[in-house]
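Structure first, then comments.
The values are calculated or read from the model by the stated rules, or taken from the named source; none is laboratory data. Computed from a predicted structure; not experimentally measured. Positions of Cβ are backbone-derived with ideal geometry, glycine not excepted, and every protein chain shown enters the neighbour counts. With ligands, DNA and RNA removed, areas are computed over all heavy atoms of the protein, side chains included. Shrake-Rupley method; radii C 1.70, N 1.55, O 1.52, S 1.80 Å.
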Amino acid sequence: MFAEWPLLSLLVWTPILGGLVVLLAGDHGAALGAKRLALIFSVATFVLSIPLFTEFDSSTAAMQFVEVYPWISSFNIHYHFGVDGISMPLIILTAFITVVVVIAGWEVIKEKPSQYMAAFLIMEGLMIAVFSALDAVFFYVFWEGMLIPMFIIIGVWGGPNRVYATIKFFIYTFIGSVFMLVAMIYMYYQSGSFNILDLHNLKLNMNEQFWIFLAFLMAFAVKVPMWPVHTWLPDAHVEAPTGGSVILAAIMLKIGGYGFIRFSLPITPDASHMLDWLVILMSLTAVVYIGFVALVQNDMKKLVAYSSISHMGFVTLGLFVVFMIWENPANSHITGAVLAVEGAIIQMVSHGFISAAMFLAIGVLYDRMHSRNISDYGGVVNTMPVFTAFAVFFAMANVGLPGTSGFVGEFMVILAAFKANFWFAFLAALTLIIGAAYTLWMVKRVYFGEVANDNVAKLNDLSGRETLIMTLLAIAVLILGLWPAPLIDVMHASVNNLLHHIAVSKL
Amino acid sequence: MTLDALNISIARPEIFLLSMTCLLLVVDVFLKQSQRNASYLIAQISLIGSLVVIWMNMSGQRAEAFNGTFVVDPLADILKIFICAVVALVFVYSRDYLKDRNIFKGEFYVLGLFGVLGMMLMVSSNHMLTLYLGLELLSLSMYAMVAFNRESGTSAEAAMKYFILGAIASGMLLYGMSIVYGVTGSMNITEIAAAISTQGEMHIGLIFGLVFLIVGLSFKLGAVPFHMWVPDVYHGAPTTVTSYIASAPKIAGFAIMIRLLVEAMGSLQNEWQGMLMILAVLSLAVGNIIAIAQTNLKRMLAYSTISHVGFILLGLLAGTKAGYSSAMFYILVYSLMTLGGFGIILLLARAGFESEELKNLKGLNKRSPWFAFIMLIFMFSMAGVPPTVGFWAKLSVLSAVVEIKMLWLALIGVFFSIIGIYYYLRVIKLMYFDEPVETAQIDSSAGMQIALSFNGLIILFLGIYPGALMSLCFSVFAV
């Protein structure tokens with residue numbers, strides 16, 4: 001029955017219009033009014049996203065739930081939505097995380113809660129649109145538009161140094177993306193279309209591919225973020241309110257990875273092949289070096305932020321190691337590459353849940369103690385046993401414990417990397433040690449040991465609201481870890497299609 | 001000469017506006033200060049009336065009048081409609097401000113309307129003398145308007161600067177025109193174009209004249225290095241006058257650029273393209289970089305204007321239909337968003353308080369979330385961030401430049417818009433992230449608040465649905 005619905009339009013516009021309604025409801029009168037409305041809209045969006053999964057035809061790589069209407073005729077730009085097996089899980093992730101964020105901000109946000117909730121709802125709509133847009137300019141509009149609510153969220157509800165952090169965030173991302181816009185316009189004059197699927201088949205010579213690839217790399221590497229353009233992320237994370245950090249880590253970073261899959265690889269396969277060493281180098285540096293940087297952080301949020309960069313290194317590694325796999329004569333078939341790309345996508349989804357949970361756990365502590373310094377804590381387990389159980393579970397997932405979702409993606413990428421080059425796999429696998437070191441060391445210092453001070457002694461355990469969001473995320477992490485098959489099935493056809501596409505040179 | 005050759009009927013909007021302005025001039029003399037609202041009303045009726053007459057006069061055809069010195073074509077119609085609408089908004093925004101400062105006088109409206117008449121003449125000129133006549137009518141009105149608050153020293157200084165530099169620019173333009181006349185033997189734009197294209201060999205005198213024309217035009221538009229007057233005049237003039245100067249006259253300036261460079265000297269495109277390129281890149285660079293250092297919002301918007309002019313020149317220099325229409329789209333959008341930016345200053349100003357420093361915007365979100373949001377739209381639109389219309393303006397200009405294979409110019413354009421985004425973000429930072437210093441209620445009239453909200457929502461609406469206006473701009477160029 002849902003096949004005829006304009007499901008993607010509904011998913012995009014429900015939260016955006018909902019956000020406007022919440023904004024209009026304002027903060028007058030019933031204090032809960034705006035929050036209740038926000039919850040209703042976010043849950044409604046999530047419910048609407050479920051048919052996307054149930055009605056999805058996983059046997060085809062073609063775009064589904066497609067909606068095309070002409071939008072701007074002078075530039076042949078279309079209102080064009082559609083999803084495949086790669087974008088669909090990310091949309092559901094977005095809808096799910098937004099519900100969590102709305103609940104997480106329920107009591108915490110005292111200042112202008114209606115604007116806070118509205119910003120998140122509008123951002124949700126924009127992010128879903130980014131994942132489902134199939135017209136390059138249409139994509140770009142949402143990609144840039146998304147920065148506005150995030151800019152406001154960090155700047156208004158952030159920490160003491162929020163202005164610096166949010167302006168840095170905005171300018172960094174803006175620098176990355178404007179060059180992508182020029183690349184898109186250039187391709188428009190080559191192909192006469194902004195349709196992403198047409199651009200996939202556009203013939204480009206090596207020189208053109210090289211520059212277009214670099215333009216895309218600038219845009220997406222900043223977003224992922226990859227070393228060395230990652231420096232905005234720790235600042236943004238530290239200053240952002242908990243909800244902002246959650247959205248940033250769980251979804252915004254994924255948009256960078258998604259961009260590589262949707263644009264860089266299929267549009268410029270030969271340049272991607274030529275420059276794959278560069279991306280792999282950046283990814284491995286992120287995995288190893290940023291891992292060590294995480295080790296020395298005193299601030300919990302900064303630590304998790306660096307851990308995010310390190311984990312996202314697996315995503316870019318998995319996406320670009322495919323060329324090296326093909327170069328190795330032992331695996332001329334496509335299976336090894338499929339493993340790498342699917343591993344990367346699972347890593348994206350899984351990291352969405354785990355990083356969200358990690359930031360929410362820090363939020364739980366911060367709301368009580370107003371400190372993120374590891375040294376202010378110690379022995380939290382004594383006063384908050386239930387919370388500690390959750391926190392340790394998520395920490396284990398972050399380390400990549402088998403049985404949690406963190407394991408699946410990393411394992412697949414490492415396995416695939418072996419087929420390309422032993423040392424890639426070796427360096428990537430180092431994360432299992434470094435990741436364990438920084439995560440567990442933080443767990444030890446914060447949660448275990450003697451009660452460090454009076455503030456810790458006075459802590460109250462989780463409220464019902466907090467238990468709810470922790471449980472939701474824990475279930476997601478467990479399901480994905482124990483039974484990732486449905487997710488892999490959904491994306492299999494699309495990933496295969498992508499790899500067959502990029503295996504053919506455009507030259 | 002018969003009356004048919006005059007073809008006077010196509011000049012109906014100008015004739016209507018002139019009659020109404022003269023009526024206002026007479027009526028205003030007999031009004032008491034307490035009845036001054038009548039002048040305002042007559043001014044608005046004149047503008048709306050002209051708008052309606054233009055609308056009814058629209059034929060979609062090119063027609064000439066007064067022996068070929070005056071032309072009406074779709075380009076002129078669209079630009080005139082926007083000029084009238086923008087000035088009508090300026091008048092709405094101005095009323096409270098003028099009253100608060102005891103300069104609520106009929107002369108403001110008379111001068112403003114004569115300026116509009118000048119702009120309409122410029123837009124419709126097919127003869128260099130008509131063009132010059134319109135330009136001087138506009139400029140003289142504006143000199144007087146800048147000095148309108150005669151108690152203010154800075155206004156007088158600004159008016160003086162504006163007058164002297166403006167006179168030099170007019171001189172340059174006139175000199176250029178006379179050289180072109182000397183070479184081609186005609187002042188009529190159609191005839192000049194014909195004369196140039198039949199001339200086999202490029203005449204050096206023509207290039208010489210072209211340089212003077214471009215210098216004169218750049219002065220009027222405020223392109224670097226002829227921009228020195230812009231910040232001082234924007235700063236010194238009463239804010240109402242600044243909002244007038246910054247918006248509609250740029251549309252008219254664009255029109256005479258099209259008339260002179262494209263219609264008269266289209267075959268010299270290779271010559272003027274290089275000159276405009278230098279002007280465009282310099283304007284983008286100077287406008288965006290110096291704006292960062294400003295603490296006064298009016299000055300900041302002045303430098304922002306300079307950088308927008310750079311973008312408009314980028315579109316023009318492409319020399320294609322897409323280029324001209326993108327520049328036209330940009331200038332129309334620019335006039336609306338700049339008007340809105342100054343509208344916010346006028347909204348926050350009150351008796352004895354100008355609210356023109358950047359710091360006066362602090363914490364606006366706490367004082368008025370709605371108008372903070374409207375200002376946010378203007379700022380993001382000027383910065384070129386979607387979903388506001390400023391993005392589409394930049395996109396269409398960039399794509400026109402990419403189309404003629406000048407990728408490097410497009411890259412320079414985006415590079416400076418990255419620099420530019422910083423100072424627009426700073427305004428949003430002040431409004432949203434800082435605590436308010438001012439606590440006074442915003443007590444502007446309802447009309448002003450509605451008009452300003454409408455202004456902001458138009459920017460947002462055009463950002464979501466830019467197609468119609470883009471096609472309209474595309475359709476008016478025959479090239």
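Phi-derived couplings, Karplus 6.51 cos²θ - 1.76 cosθ + 1.60 at θ = phi - 60°, listed residue by residue for the range B:258-265: 5, 4, 7, 6, 7, 6, 7, 10 Hz, with x used for Gly and Pro. Computed about the Cα centre, the dipole magnitude for the protein assembly as shown is approximately 1320 debye when only Lys and Arg (+1) and Asp and Glu (-1) carry charge, each at its Cβ.
Given the DSSP H assignment, sum -39500 (n - 2.57) over each helix run of at least 4 residues in chain B and divide by its residue total; what's the result at 222 nm in deg cm²/dmol, nearest 500? Write out the running numbers ahead of the final one.
Working: 21 runs with 355 residues, N = 479.
Taking each H run of at least 4 residues, the total per residue is -25000 deg cm²/dmol.
The C-alpha atoms of chain A define a longest principal axis, and helix A:422-447 lies at about 20 degrees to it. Charge dipole of chain A (Cα centre as origin; +1 on each Lys and Arg Cβ, -1 on each Asp and Glu Cβ, all else neutral): 740 debye, rounded to the nearest 20.
So how much accessible surface do A and B hide from each other in total, probe 1.4 Å, in square angstrom to the nearest 100?
On the way: alone 17820 and 17610 Å², together 32160 Å².
When A and B are taken together, about 3300 Å² of accessible area is lost.
Close amide H contacts of B:HIS127 (hydrogens built in the peptide plane, cut-off under 5 Å, sequence separation of 5 or more or a different chain): B:ILE189.
Judged by the mean number of other Cβ atoms found within 10 Å, the most tightly packed of the peptides B:223-233, A:458-468, A:204-214 leads the ranking B:223-233, A:204-214, A:458-468. Pairs from the list A:LYS168/B:LYS298; B:LYS80/B:LYS105; A:LYS35/B:LYS362; A:LYS112/B:LYS429 with a Cα-Cα gap above 19 Å: A:LYS168/B:LYS298; B:LYS80/B:LYS105; A:LYS35/B:LYS362. Sequence-distant contacts, meaning Cα pairs under 8 Å at least 6 residues apart, place the relative contact order of the range B:361-479 at 43 percent. For the range B:234-312, the solvent-accessible area works out to 19 Å² per residue, with a probe of 1.4 Å and every protein chain left in place. The residues of the range B:425-468 occluded by other protein chains by 50 Å² or more of accessible area, set against the chain on its own, are B:LEU425, B:PHE433; surface from heavy atoms, 1.4 Å probe.
Accessible-area rank, largest first, for B:CYS22, B:CYS473: B:CYS22, B:CYS473, with all protein chains present and a 1.4 angstrom probe. Over the range B:3-475, Cα pairs under 8 Å with separation of 6+ residues give a relative contact order of 14 percent. Counting protein heavy atoms only, the range A:346-445 has 74 percent of its accessible area on carbon and sulfur, 1.4 angstrom probe. Taking amide H as placed 1.01 Å from N in the peptide plane, B:ASN296 has its amide H under 5 Å from the amide H of B:LEU358, each at least 5 places away in sequence or on another chain.
In terms of its C-alpha gyration tensor, chain A comes out oblate, because a/c is 1.5 or above while a/b does not outweigh b/c. For A:GLU4, the accessible area of its heavy atoms, probed at 1.4 Å with every protein chain present, is near 150 square angstrom. The heavy atoms of B:ILE278 offer some 100 square angstrom of accessible surface to a 1.4 angstrom probe. The protection proxy used here, the mean number of other Cβ atoms lying within 10 Å of each residue, ranks peptides A:243-249, A:55-61 as follows, highest first: A:243-249, A:55-61.
Couplings 3J(HN,Hα) for the range B:393-407, derived from phi with the Karplus relation 6.51 cos²θ - 1.76 cosθ + 1.60 (θ = phi - 60°), are 4, 5, 4, 5, 5, 4, 5, 5, 6, 5, 4, 8, 6, 10, 4 Hz, where x marks Gly and Pro. With Cα atoms defining each centre, the range A:79-145 and the range B:177-233 are spaced 52 Å apart in the structure. Taken one residue at a time, the phi angles of the range B:381-390 give Karplus couplings (6.51, -1.76, 1.60, θ = phi - 60°) of 5, 5, 6, x, 9, x, x, 9, 6, x Hz. Gly and Pro are set to x. With every protein chain in place and a 1.4 angstrom probe, the accessible-area ranking of A:THR285, A:THR316, A:THR335, largest first, reads A:THR335, A:THR285, A:THR316. Rounded to the nearest 20 debye, the dipole size of chain B about its Cα centre is 860 debye, using +1 on the Cβ of Lys and Arg and -1 on the Cβ of Asp and Glu. Shape class for the protein assembly as shown: prolate, because the ratio a/c of the largest to smallest gyration tensor axis (alpha-carbon atoms, square roots of eigenvalues) is 1.5 or more and a/b beats b/c.
Shape verdict for the range A:388-500, please, from the Cα gyration tensor: rounded (a/c under 1.5), prolate (a/b greater than b/c) or oblate.
oblate
In the range B:2-151, taking the dipole from charged Cβ atoms about the Cα centre, the farthest positive-side position among B:PHE66, B:GLN35, B:VAL90 is held by B:GLN35.
Per DSSP H run of at least 4 residues, take -39500 (n - 2.57); add these up for chain A, divide by its residues and hand me the 222 nm value, nearest 500 deg cm²/dmol.
-23500 deg cm²/dmol
Report, to the nearest 10°, how far helix A:147-157 tilts away from the longest principal axis of the Cα atoms in chain A, using its own Cα long axis and a range of 0 to 90°. Helix A:147-157 sits at roughly 10 degrees to that axis. Where the alpha-carbon atoms of chain B are placed on the principal axes, they occupy 69, 57, 41 Å, in descending order. Ranking A:MET396, A:MET300 from most to least accessible surface, computed with a 1.4 Å probe over the protein chains only, gives A:MET396, A:MET300. Counting only heavy atoms of the protein chains and using a 1.4 Å probe, A:GLU342 has close to 10 Å² of accessible surface. Residues whose amide H comes within less than 5 Å of that of B:SER152, counting only those at least five positions distant or on another chain, are absent (H built at 1.01 Å from N in the peptide plane).
Tally up the carbon and sulfur contribution to the accessible surface of chain B as a whole percent, 1.4 Å probe, everything protein left in place. Roughly 68 percent, rounded to a whole number.
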